[in-house]
1. Please check which bits of the stretch 344-359 a label hung off ILE275 would reach, taking the label as a point 7 Å along Cα-to-C-beta and the cut-off as backbone N under 18 Å.
2. Residue by residue through the stretch 188-203, which ³J(HN,Hα) values in whole Hz follow from phi under the Karplus form 6.51 cos²θ - 1.76 cosθ + 1.60 (θ = phi - 60°), with glycine and proline marked x?
3. So what's the Cα pair-distance distribution over the stretch 492-565, bin width 5 Å, in %?
4. Please give the peptides 197-204, 325-332, 99-106, 514-521 ranked by average Cβ packing (other Cβ atoms within 10 Å per residue), highest first, as a rough proxy for protection.
5. Under a crude label model (7 Å from the Cα following the beta-carbon direction), how far is ASP37 from THR260 in nanometres?
6. Work out how much length ILE107 to ARG23 would gain on full extension: take 0.36 nm times their residue separation and subtract the Cα-Cα distance, in nm to one decimal.
7. For the stretch 108-265, what does the relative contact order come out to in percent, with C-alpha contacts under 8 Å and a separation of six or more?
8. Accessible area per residue for the chain in Å², computed with a 1.4 Å probe and the full protein assembly in place, what is it?
Amino acid sequence: MKSKSLFVALLTMPVIAMASVPRTTHQALEQSIIKPDSKDGRYLWLPIQDNAPEARLCVVIGNTEIMAQNVRMAREKVDYYVALDMQPWLNEKGMKVVIQNVPEGCICFNKLEQNNDEDFQFITETFRPNYHHTPRRGWMNDPNGMFYLDGTWHLFYQYNPYGSMWGNMHWAHSTSTDLINWQPQPIALTPDAWGTMFSGSCIVDHNNTTGFGKNAVVAMYTASRPTPFGGDVQAQCLAYSTDGGYTFTKYEGNPVLTGTEKDFRDPNMFWNDEIGAWNLILACGQEMRIYSSPDLKTWKEESRFGAGLGCHDGVWECPDLIKLRITNGKKKGQEKWVLFCNINPGGLNGGSATQYFIGDFDGHKFTVDDAGRYSEGNALWQDYGKDHYATVSFSNAPDGRHTMIAWMSNWEYANEVPTKQYRSANSIAREPYIYEGADKQLYLGSAPSPEYDGKGLDKTLKIKGSCKIVLSNENGEEYVLTYDQKAMTLSADRSKSGLTGFNSNFTKAGKRNDGLIVAPLHNKLTSLRIFIDRSSVEVFGNNGEVCVTNLVFPKSEFNIISTVK
């Protein structure tokens, strides 16, 4: 099923399904026991109130707790519904669902429903995009474990199935054959004894270096477990798939890499022909650590990167390290390595963003070309908008491509954007490259992936000089792009773009008082390619030499484009 029909027009008519209110027994100290009947259906529909305190939801079989999640059960009102899929346990003798920390009189106990209707109380969201990937229900943040295999792009992502705010991290899974239409798949990785499923990567082990099987898909992820004394213990774990990435088995030897640091996460692994081994880059506080391994199970630390370089105004996260060709200038055709470092907070225009470093990598150590470019907090940014974060690439991409995708939001307000039953979308896919600017320095560009060409999803404008481009609708809402040829900047103003009052940071841009989101230009601007999709605007100047990605929430989609000199 294609994304437009799946995510936008699922319900043309209300679905009437037989439902049952399961029997509930209340106990002292805010504990309630629910006994679902297997005859009434596989889904227990949980009424959610986003501003309610977190409750604890447990599945108990006999005297054993099988799973536990934090859920914001409705107390005074119901914002939306999420499902507890009880299929794995429903026929087990003595199966119960326990809800803790919710007083007996709360509305949620009267609104619980049990049925087989996967579309129960589904909301057709006003701001859901048409061709960007979104979760059907629930919260999404970082893209994880992306890979390509046998004509299919696999996208995993950080996911909360029990609400549209961050929490309960799972790996959810979607697939696509064209990077436009996405098909949801069953959840791939669920929390276990080592913790919840934080970010990571996947590879295709063509040569069976792991012993999991030839062409096994191997995932490496961070398991994050809270301690009774506060804080989290984070460790790196493996899971493998022998059916092309649709189901995973967790490695019995987990964890495979541990550390003593508070922030020790987001492993990104890749095969390096130059050393005949696997490399791993891992985020650790405000530095990146590089490891090597023959089998993904035993790891040797090779080096550390980051001290005194780039922006350190937040935690470093979600790294990637890839080799790219230079597309112009005297070094055209040569290859350089690019280290991607996502940071939160610290982005130039406020909140979370992706910085990058250009240099060389020998399989052991990454060295930047010119340390002076990155000293004293200076940073280069992949995208200058406020809503492009956690950028990572698909492994095993076809034709030697390095295709990347990002989470299209910002930690300053991601939990508060004006959607209900789901939150967040991914950016369109992009192809990174290195180009030479007018100052003879090397920079990163990111062009839209070729899958979007000729699909009528974008507008391309020729630029001859300083001008304003106004995207607007019949309601008088507008998103304004300004090209200043003298200052060599491209700025965006979304202060009148629609709903903006849900968070004060939405119309702020870092330390700027005027709220303008400003991107520097390294060459004269000659063209703009603009993707507008209901609640987002992605702008690519000079085929991605400069990128500006921002969320917008207008009453109706921007359908008027005008240019003002």
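The values are calculated or read from the model by the stated rules, or taken from the named source; none is laboratory data. As the structure is a computational prediction, the values presented were derived from the model and not from experiment. No Cβ is skipped: glycine too gets one built from the backbone with ideal geometry, and neighbour counts run over all protein chains shown. Note: accessible area is taken over every heavy atom of the protein model, side chains too, but ligands, DNA and RNA are not part of it. Shrake-Rupley method; radii C 1.70, N 1.55, O 1.52, S 1.80 Å.
1. 359
2. 8, 9, 10, x, 9, 4, 8, x, 7, 8, 8, 5, x, 9, 10, 9
3. Computed distribution, short to long bins: 3, 14, 23, 24, 21, 12, 3, 0.
4. Numbers: 197-204: 25.6, 325-332: 13.9, 99-106: 16.2, 514-521: 17.9.
Output ranking for 197-204, 325-332, 99-106, 514-521: 197-204, 514-521, 99-106, 325-332.
5. Modelled inter-label distance: 5.8 nm.
6. Values: separation 84, 0.36 × 84 = 30.24 nm, distance 1.48 nm.
Result for the pair: 28.8 nm of gain on full extension.
7. Working: 328 pairs, mean separation 22.6, N = 158.
Rounded, it is 14 percent for the stretch 108-265.
8. Details: 22800 Å² over 565 residues.
Per residue, the chain has an accessible area of 40 Å².
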